[in-house]
Structures are given as C-alpha cells and as structure tokens.
Amino acid sequence: MSRTTAGSEGQPGTGTTPVAIADGVHWIGALDPSLRRFDLILRTANGTTYNAYAVRGSAGVAVVDTVKAEFADTFFARLEQVAGYDEIRVIVLNHLEPDHSGALPELMRRAPRAKLVISKRAPAMLKALLKADDQEIRYDTVDTGDAIDLGDRRLRFLHTPFLHWPDTQCTYLPEQQVLFSGDVFGCHHCDPRLFNDRVGDFRFAFEYYYAHIMRPFKAHVLDALKLIEPLPLKLIAPTHGPILRERPRRYVARYRELSGADMALEPVLADAKPLRTLLVFYLSAYGSTARMAEAIAAGAEGVPGIRVSLYDLDGGETEPFVDLIEAADAIALGSPTVNGDAVKPVWDLLSSLAVVSLRGKVGAAFGSYGWSGEAVPMIEDRLRGLKLRVPVPGLRLKLIPTDAELADCRDFGQALAQAVTGADGAAAEAGGGAQKPVIDFADLA
Ligand code: FEO
C-alpha cells in the first residue's frame with residue numbers, strides 16, 4: 001500500500017491527495033468551497049471542510065470521522081492512498097451528525113474487520129442514523145479514560161457531551177500529542193492550504209462558529225476544557241476548518257475566554273505580528289466578478305506583510321463582517337452593475353459601517369459590467385464618504401474577464417496591498433487592525 005504525504009505545495013487540500021499532518025497521521029477529508037449555508041442557519045461565506053483522519057499504528061489503522069455523504073468518493077480516494085480496507089481495525093466517530101457520518105455505512109461495508117467506536121451517549125443516534133437495531137451494528141462505546149491500542153500508539157477518549165450534540169467526544173493520540181476534537185475548535189472556513197499558519201484570516205469564522213454552535217453549551221465547554229487543557233498539544237485536528245498546528249493552545253485559551261461569564265472579546269495577544277489585513281468582498285451574478293475577486297486576492301497575497309481573506313457577500317451576514325472590517329486595514333468591494341447601480345448587499349454592508357471608525361483604512365472597488373459600469377465609481381464615492389483612502393483607481397471589466405484582464409486584476413491586488421503596507425512608497429496609515437489589536441489566532445502561541 002502506497003504511503004502518500006502532502007499534496008502540491010501551496011494547496012495541499014486540492015485534488016484527492018491525502019495530507020500528512022503528523023507522523024503516521026493523514027487528513028483524508030473533503031473541501032466544500034461552494035457551501036453558503038450550513039444546517040440551514042449558519043452562513044458560510046467561503047464554504048467549509050469536512051475533516052477526517054487516518055491514523056496508522058503497528059497493529060492497524062484507525063479512521064477518525066468520515067465526511068458528508070456526497071463527498072464520500074473524495075474521502076475514499078484519499079483513504080485508499082494511505083491504507084487498505086483490510087488494515088482498518090477501528091473507526092472512531094467523534095460525532096454522528098451526518099456531515100461526519102455520511103460515509104460511515106459504506107466505510108463499514110468496505111472495512112468489515114473494523115470495529116466502530118462511539119461515545120457512550122451515541123448508540124441511540126447511531127441506530128436512528130443507520131436505521132438498524134443492535135444486532136445489525138457492531139460497535140463499542142467508550143468513556144473518558146478508555147483507550148484503544150493500535151500497537152505502537154493508542155487512541156484515548158475524552159467524553160465531551162453536548163459540544164454540540166449529546167454524543168460528542170474527542171479522541172487524543174498521546175504519542176503525537178494530536179487531539180481529534182470533532183466540531184470543537186472547528187469553524188466553517190474552506191481553504192485548501194488547510195493549516196492555520198497557511199490559510200487566510202479565519203478569526204471571524206472561528207468566532208462565528210463558536211457563537212452559533214458552542215455558545216449555547218458554555219457549561220459543557222468548560223467541562224470539556226477541564227479534560228483538554230492538561231493535555232500536551234502539538235496539533236488540534238477538528239472536523240471543520242483549519243488544522244491548528246501553530247500554537248494550538250491559544251485556541252483552547254480562546255474557548256476558555258469565550259465560555260467565561262462576561263463573554264468579552266478581549267484581546268489575549270500583546271505581541272501580534274504587525275500583519276496588515278485586506279478583506280476582499282464580492283457579489284457575482286455569473287461568476288465574472290468572483291473571478292476578479294480571486295485574482296485580486298491572489299495578487300495581493302504576493303506582497304509581504306499582508307493577510308488576505310476572500311468573502312462572498314451572498315454567504316455572509318452583515319453584522320460579523322462589520323466587526324471584521326473594524327479590525328482590518330483595508331477592504332476591496334466587488335459588485336456587478338445592475339440597472340446602473342451596485343447590488344443591494346454591497347450597499348447593506350456599506351450602510352452598516354457607520355457604527356465603526358474607518359478613517360485611514362484603505363478602500364477599493366472593482367466589478368464586471370455589461371453596459372455602463374456605474375457600480376465601481378459609486379462604491380468608490382461611498383468609500384471616500386466614509387473617510388477611507390482610495391489610493392488605487394477602481395477596476396472595471398466588461399463582461400467575462402480575459403486572461404489578460406485577470407492579470408490586470410492581480411496587478412490591481414498587488415498595488416492595493418502595496419498601498420496598505422506602504423510598499424508603494426506612500427506612508428501607510430494604520431487601519432483598525434493596527435490601532436485596535438484583537439486576538440490574532442494565526443499568530444498566537
Ligand atoms: Fe460538524 Fe455537528 O457536525
């Protein structure tokens with residue numbers, strides 16, 4: 001059986017290549033960049049990931065969680081590159097919600113020697129999920145302190161119920177100090193770079209996820225933290241969003257803060273790197289403005305000292321974006337022109353910014369158009385009215401961007417980033433991010 005390590009440099013999560021995350025441990029999950037709403041209530045501005053993992057020990061392989069059913073092919077393709085089905089001894093389901101158990105029935109069929117391991121509160125849900133009775137499902141339940149031997153390594157279990165379903169648990173690999181945390185410490189943020197030190201700014205997604213998924217269960221979060229905080233941790237492997245390998249303990253600390261009595265969003269970081277933050281927002285009717293946004297983000301990311309994040313306004317609520325913009329140094333807004341105007345979500349976002357100070361931040365506008373292209377200058381006027389600097393003239397492209405025009409977009413992004421960092425020779429004014437430091441997860445220790 002072949003062993004595959006990381007995928008192509010820069011985009012390890014693309015394709016169907018498994019990604020090594022620790023010695024003998026691979027990410028075998030799936031990316032869902034197009035998702036714009038999760039569980040009907042959560043908006044997902046750039047999609048999500050369904051993270052699953054394979055752990056190889058000297059006595060066999062364990063699979064920890066699976067993926068949503070429609071992504072099963074990708075999951076199995078990755079799994080087959082790191083293990084044969086006859087090698088799989090254990091399937092651990094930390095949480096039975098269908099986004100993690102969708103591929104379970106087929107995995108059990110393909111790996112008949114594997115034992116299913118679930119939390120002590122999970123059996124009723126398992127039966128409902130698989131529509132079967134006890135006789136048809138072979139499983140073991142585990143509690144805190146239980147462990148499974150994989151030969152030269154063990155999987156230990158932590159009973160962490162109600163994060164956010166009754167069945168939830170975490171699985172710990174002490175030899176590699178890896179915590180498979182299920183939904184805990186996860187977020188809906190899809191980025192093929194996978195690791196927290198590689199992806200864009202996902203603070204908003206982390207906070208939003210906590211606020212919507214974990215916050216109702218604060219007391220249970222605190223109970224879980226009592227089990228998690230004493231663990232040596234090199235890496236946290238959640239079921240959604242970035243894998244937390246850089247300074248993972250800070251995310252644990254953030255959960256402790258957020259689960260405290262006052263819920264204050266106080267900064268926990270005094271020594272954040274002075275990275276400047278550019279947020280690229282867009283709406284796109286037929287994909288042209290989206291392609292511009294992606295090219296602009298790519299161009300900006302090539303400038304040292306800047307962190308770029310891309311958000312589709314069709315998948316986001318305005319209020320969290322306002323907080324994000326307040327802490328950012330620059331925003332770029334992309335809109336098509338419809339009936340001589342920018343589209344409503346762009347105006348909604350701009351009208352929401354009256355409650356925060358934008359003075360000194362950098363703004364920019366771009367968009368594809370069919371006839372007259374008024375949206376871009378109208379957005380620029382509004383940005384200036386909100387006291388943003390608009391140092392780079394707006395970029396308008398007629399209909400579908402050509403390769404040459406996408407190169408122009410990358411140049412536009414580069415010029416914008418240079419204006420934000422001061423690399424264009426102009427004195428860069430500090431935006432909200434520099435004036436009001438907030439927790440910076442990517443830089444935390
Ligand atoms: Fe990601 Fe609660 O399932």
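Quick notes
- Our summary gives segment 19-270 a relative contact order of 17 percent, counting only alpha carbon pairs under 8 angstrom and 6 or more residues apart.
- Taking a straight Cα-Cα cut-off under 26 Å and skipping sequence neighbours fewer than 8 places away in the same chain, the lysines within cross-link reach of K127 are K68, K115.
- Computed about the Cα centre, the dipole magnitude for segment 350-391 is approximately 300 debye when only Lys and Arg (+1) and Asp and Glu (-1) carry charge, each at its Cβ.
- Amide H contacts of L395 (H built 1.01 Å from N, in plane; Pro and chain starts excluded): A365, F366, G367 sit under 5 Å, all sequence-distant by 5 or more or on other chains.
- Geometric extent, Cα atoms of segment 180-233 - Rg, Dmax (angstrom): 12.5, 33
- Sorting 304-316, 389-401, 20-32 by their mean Cβ neighbour count within 10 Å, with the most densely packed peptide first, gives 20-32, 304-316, 389-401.
- Using alpha carbons only, the radius of gyration of segment 96-175 set against its Kirkwood radius gives Rg/Rh = 0.96.
- Selected from M214, M125, M292 as most flexible by GNM, with the chain as the system and alpha-carbon contacts under 10 Å: M125
- Percent antiparallel among DSSP beta bridges (both partners in the chain, rounded to 5): 40
- Compared with the dominant Cα axis of the chain, that is its longest principal axis, helix 249-258 is turned about 80°.
- By the equivalent-ellipsoid construction on the alpha carbon gyration tensor, segment 1-143 comes out with semi-axes of 24, 21, 12 Å, ordered largest to smallest.
- Quarter of Cα convex hull surface for segment 305-403, i.e. mean projection, nm²: 6.8
- Nearest-20 debye value, segment 168-324 charge dipole, Cβ charges on Lys, Arg, Asp, Glu: 480
- About the Cα centre, charge dipole magnitude for the chain (Lys/Arg +1, Asp/Glu -1 at Cβ), debye: 440
- Cross-link partners of K120 among lysines (Cα-Cα below 20 Å; sequence separation of 8 or more within a chain): K131, K226
- Rounded to the nearest whole angstrom, the semi-axes of the ellipsoid equivalent to segment 276-444, taken from the Cα gyration tensor as √(5λ), stand at 23, 18, 14, largest first.
- Estimated Rh, the chain: Kirkwood, alpha-carbon pairs, angstrom: 22.8
- Scaled to the globular estimate 2.2 N^0.38 Å, the Cα spread of segment 19-270, given as radius of gyration, is 0.94.
- In percent, rounded to a whole number, the relative contact order of the chain is 13, using alpha-carbon pairs under 8 Å and six or more apart.
- Straight-line reach from K218: taking Cα to Cα under 19 Å and skipping same-chain neighbours fewer than 8 places apart, the aspartates and glutamates in range are D167, D183, E207, E229, E257, D262, E266.
Taken together, the values in this text are just the output of simple stated rules run on the coordinates, not laboratory data. Just so you know, these numbers come straight off a predicted model, no measurement behind them. Cβ sites come from the backbone with ideal geometry, for glycine too, and all protein chains shown count toward neighbours.
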